[in-house]
1. Could you tell me which numbered condition GLY103 fails, if it satisfies all but one of (1) surrounded by 14 or more Cβ atoms within 10 Å (Cβ to Cβ); (2) of a type outside the set (D, E, K, R); (3) modelled with pLDDT of 90 or more?
2. From the set of residues in the stretch 76-95 that are of a type in the set (S, T, N, Q) and under 30 Å from the mean Cα position of the chain (by Cα), which is surrounded by the most Cβ atoms within 10 Å (Cβ to Cβ)?
3. Give the stretch 118-137 a look and list any residue that's touching a helix residue (DSSP H, G or I) at 6+ places or on another chain (Cβ under 6 Å), closer than 18 Å to LEU48 by Cα and not acidic (Asp, Glu), or say none.
4. What are the pairs, 6+ residues apart or on separate chains, where a residue within the stretch 85-98 that is touching a residue at least 60 places away in the same chain (Cβ under 8 Å) and assigned to a helix (DSSP H, G or I) has its Cβ under 9 Å from a residue that is of a type in the set (D, E, K, R) and surrounded by 10 or more Cβ atoms within 10 Å (Cβ to Cβ)?
5. Check the stretch 44-65 and report whether any residue there is modelled with pLDDT of 90 or more and more than 30 Å from ALA146 (Cβ to Cβ).
6. So if I check each of LEU115, LEU98, which one is farther than 30 Å from SER175 by Cβ and buried (at least 18 other Cβ atoms within 10 Å of the Cβ)?
Amino acid sequence: KGRPAAPRRCGASVVKETMGRRASRGEDSSLSPDSRSTTARHTTSDALLAGGFGGACLCVVGAPFDVVKVRQQQTRSDGASPSRIVRSILRAEGVVGLWRGVGPPLMVAVPQFALVFGSHEAARALISRHSTRPPGDGRDAALAGALVAVPTTFVYTPVDRVKLAMQSDGRRVASGLPPLYSSASQ
């Protein structure tokens, strides 16, 4: 009652303060090799979770825009505005039509973005351990991004093809024909 509560501090400030105390006593303020690997694993797992969640959000939020874009690209008439396409989709397929084809990219985006984020973080940690540049140098992050980008295309390209086929199929539904693809397995 007599003493005010201590302000809450984030983990980074506690680590900085601890390392500062060690340095002032002449101790080695760097992290030990064992704690570095634990920190890298923790950071990589956080990146995996963040990437997976971000990939899911990207698909769910972006799907209607992507469907409208694909339909607009397929429309031969010049007067097909995005709002007209949205009305057409809602009239023929209902609200669900705006998310047509979201299944395959969602099934791939979650693990793909998790792997991209996690791999990028792991690559950055590996590069920074062997780099002579100062910490936080953008060239190391760019190199890590380049290393991760190449294999990702082999996962994403086939799934994108399936997504486009399912989105294109919405035109058949809008014209009264049955869909060719009702799931990604067809």
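The values are calculated or read from the model by the stated rules, or taken from the named source; none is laboratory data. Values in this document were obtained by computation on a predicted structure and should not be read as measured data. Quick reminder, even Gly has a Cβ in these numbers, built from the backbone with ideal geometry, and neighbours come from all protein chains shown.
1. Status for GLY103: all satisfied but (3).
2. Out of the qualifying residues, it is SER81.
3. Answer for the stretch 118-137, where residues must be touching a helix residue (DSSP H, G or I) at 6+ places or on another chain (Cβ under 6 Å), closer than 18 Å to LEU48 by Cα and not acidic (Asp, Glu): GLY118, SER119, HIS120, ALA122, ALA123, ARG124, ALA125.
4. Here the result reads SER88/ARG71; ILE89/ARG71; ILE89/ARG100; GLU93/ARG100, each pair linking the stretch 85-98 to a residue that is of a type in the set (D, E, K, R) and surrounded by 10 or more Cβ atoms within 10 Å (Cβ to Cβ).
5. Yes - at least one qualifying residue is present in the stretch 44-65.
6. Testing whether each residue is farther than 30 Å from SER175 by Cβ and buried (at least 18 other Cβ atoms within 10 Å of the Cβ) leaves just LEU115.
Quick grid of which residues meet (1) assigned to a helix (DSSP H, G or I); (2) farther than 30 Å from GLY101 by Cβ; (3) free of Cβ contacts under 8 Å to residues at least 12 places away in the same chain:
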| site | (1), (2), (3) |
| --- | --- |
| ILE127 | yes, yes, no |
| PRO151 | yes, no, yes |
| PHE154 | yes, no, yes |
| VAL159 | yes, no, no |
